[in-house]
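The block underneath contains the structure these notes are about, expressed in structure tokens.
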Amino acid sequence: MNEEYDVIVLGTGLTTLGESASITPLDDLYKRFNLPGSPPESMGRGRDWNVDLIPKFLMANGQLVKMLLYTEVTRYLDFKVIEGSYVYKKGKIYKVPSTEKEALASNLLGFMEKNRFRKLLQRVSLYDENDPTTWDGIDPKNTTMKGVYEKFGLGKDVIDFTGHALALYRTDDYLDQPCLESLNRIKLYSESLARYGKSPYLYPLYGLGELPQGFARLSAIYGGTYMLNKPIEEIIMENGQVVGVKSEGEIARCKQLICDPSYVSDRVKKVGQVVRVICIMSHPIKSIADVNSCQIIIPQNQVNRKSDIYICMISYAHNVAAQGKYIAIISTTVETNDPESEIQPALDLLEPVEQKFVCISDQYAPVDVGTESQVFISRTYDATTHFETTCDDIKDIYRRMMGVEFDFEEMKRKQNDIFGDDAPNEPSK
């Protein structure tokens, strides 16, 4: 270990490793949450369970999938398409319409709204920020998203699911901001859905624990070193700058360090809390009983909140649960002194629940950009059930470390230089 490295990454580098772990067997999940006894026999074999404490889906055409494809990590992973994307409205669950055909058939929309929403989707599909002829009076840098909705005459409920279930915003702050980011998000959702048809989301077989394993294998090919079960005793600083990490009396020296907030409590600040509830069930969600996996978003305005509530459900179909079992995880940003009551609307959709595990986590963010200390700290995972905000954090760390923006096209060119022009393996269905 007494060597010098360019960069040392502690944990996954993304977020608190313990909180983002995949737990197997099921007995370990019971122990982690201090539940007495062992899982009942009705839960099946403990080894059949791989429970992600913070599950997140991958957008099929999103940033993380591009990173996995361009770095060839997909050669070590198998993905399965999530079977549906839904939104909550007035106590009921509806499929999220994201194509013109779905818009016209959806029960979520009134007769007049269907045509208006269809026109919005048409405009978004044609929209090119670099081609003013596609703007139709919508200036990407000056027109607010509220202005876009007004232009198409969309009502409050349609705005709710467009902003929260398609553009995947957590709050309504985006309404008063320039519309470019929102239009690109809606376009990303539609393009991701078009890739596989059922939903825009993917999830790895056997859970998210496969992702760091895939990166570990690839890193080894490029000369990276992985050290497992190494307790961190101290981060060594000299003249305000990181020079190494001490573990078990040995020091690994480095020029830069990447870590999550759990390693540097003196360099982060608390920015909020997230409540998560893992629910084990013997049935799919009642009102959408024909799917083995899905995401449901409960927009803030539907339940008089400031932030959305998320439900993601996976099952034995993803090799993360025993045969016939389902895992649903509810998450939201804490807004009151009674976090469990805040997720009750989501729990009502899942009943009956065989066993639930409740976790309330603090959220942290770095207090500085890290350019002076060369210690680059990620943010804690948020309540969302997709990886897009996490990828924004990765790109932010890259910019802070390298001094330039992360460029997907440059990454693709390097991938072609290494592997040739053959396209990397697509995630399987």
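The values are calculated or read from the model by the stated rules, or taken from the named source; none is laboratory data. This one's a predicted model, so the numbers in the text were calculated from it and none came from an experiment. Don't worry about glycine lacking a Cβ; one is built from the backbone with ideal geometry, like all the others, and counts go over all protein chains shown. Protein only, heavy atoms only, side chains kept; ligands, DNA and RNA dropped before computing areas. Shrake-Rupley method; radii C 1.70, N 1.55, O 1.52, S 1.80 Å.
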Hey, Asp362 part of a helix (DSSP H, G or I) and either within 26 Å of Val242 (Cβ to Cβ) or not basic (Lys, Arg) (or both) or not: no
Extreme residue, farthest from Met227 (Cα to Cα), among residues of segment 253-268 that are within 23 Å of the chain's Cα centre (by Cα) and either buried (at least 22 other Cβ atoms within 10 Å of the Cβ) or not polar (S, T, N, Q) (or both): Val268
Condition first: under 25 Å from His283 (Cα atoms) and not in a strand (DSSP E or B). Can you find one or more residues in segment 55-74 that meet it? yes
Residues that are of a type in the set (Gly, Ala, Ser): find the helices (runs of 4 or more DSSP H) completely inside segment 98-193 holding 2 or more of those. 100-105
When Phe406 is evaluated against the numbered criteria (1) touching a residue at least 24 places away in the same chain (Cβ under 8 Å); (2) in a loop (DSSP other than H, G, I, E, B), which criterion, by number, is the only one it fails? (1)
Residue among Phe79, Phe33 that is hydrophobic (A, V, I, L, M, F, W, C) and surrounded by fewer than 19 Cβ atoms within 10 Å (Cβ to Cβ): Phe33
Test: residue in segment 261-275 that is touching a Cys at 6+ places or on another chain (Cβ under 8 Å) and hydrophobic (A, V, I, L, M, F, W, C): yes
If Ala317 passes every condition in (1) under 19 Å from Pro40 (Cα atoms); (2) open to solvent by 10 Å² or more (accessible area, probe 1.4 Å) but one, which one does it miss? (1)
Test for Gln295: is it under 30 Å from Val242 (Cβ atoms), assigned to a strand (DSSP E or B) and either open to solvent by less than 40 Å² (accessible area, probe 1.4 Å) or polar (S, T, N, Q) (or both): no
Looking at Thr332, Thr371, can you tell me which residue is in a strand (DSSP E or B) and either in contact with a helix residue (DSSP H, G or I) (Cβ under 8 Å, 6 or more places away or on another chain) or closer than 25 Å to Val245 by Cβ (or both)? Thr332
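Taking the conditions exactly as written (among the small types (Gly, Ala, Ser) and either at pLDDT 95 or above or in the same structural domain as Asn61 (by the TED database) (or both)), does Ser378 satisfy them or not? Reasoning before the result, please.
On the way: among the small types (Gly, Ala, Ser): yes; either at pLDDT 95 or above or in the same structural domain as Asn61 (by the TED database) (or both): yes.
For Ser378, the condition - among the small types (Gly, Ala, Ser) and either at pLDDT 95 or above or in the same structural domain as Asn61 (by the TED database) (or both) - is met.
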Looking only at segment 269-292, and only at residues there that are assigned to a strand (DSSP E or B) and open to solvent by 50 Å² or more (accessible area, probe 1.4 Å), the one that is farthest from Ser378 (Cα to Cα): Gln273
Does Tyr174 count as among the hydroxyl-bearing types (Ser, Thr, Tyr), touching a helix residue (DSSP H, G or I) at 6+ places or on another chain (Cβ under 9 Å) and more than 20 Å from Asp392 (Cβ to Cβ)? no
Failed criterion for Asp48 (all others in (1) open to solvent by 40 Å² or more (accessible area, probe 1.4 Å); (2) modelled with pLDDT under 95 hold): (2)
Of the residues Lys151, Lys156, only one is at pLDDT 95 or above and surrounded by fewer than 18 Cβ atoms within 10 Å (Cβ to Cβ); which? Lys151
Of the candidates Asp382, Asp393, Asp348, the one satisfying the condition of being buried (at least 16 other Cβ atoms within 10 Å of the Cβ) and part of a helix (DSSP H, G or I) is Asp393
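Report whether or not Lys90 is out of contact with any Leu (no Cβ under 6 Å at 6 or more places or on another chain) and not assigned by the TED database to the domain that holds Gln363.
Against the criterion (out of contact with any Leu (no Cβ under 6 Å at 6 or more places or on another chain) and not assigned by the TED database to the domain that holds Gln363), Lys90 qualifies.
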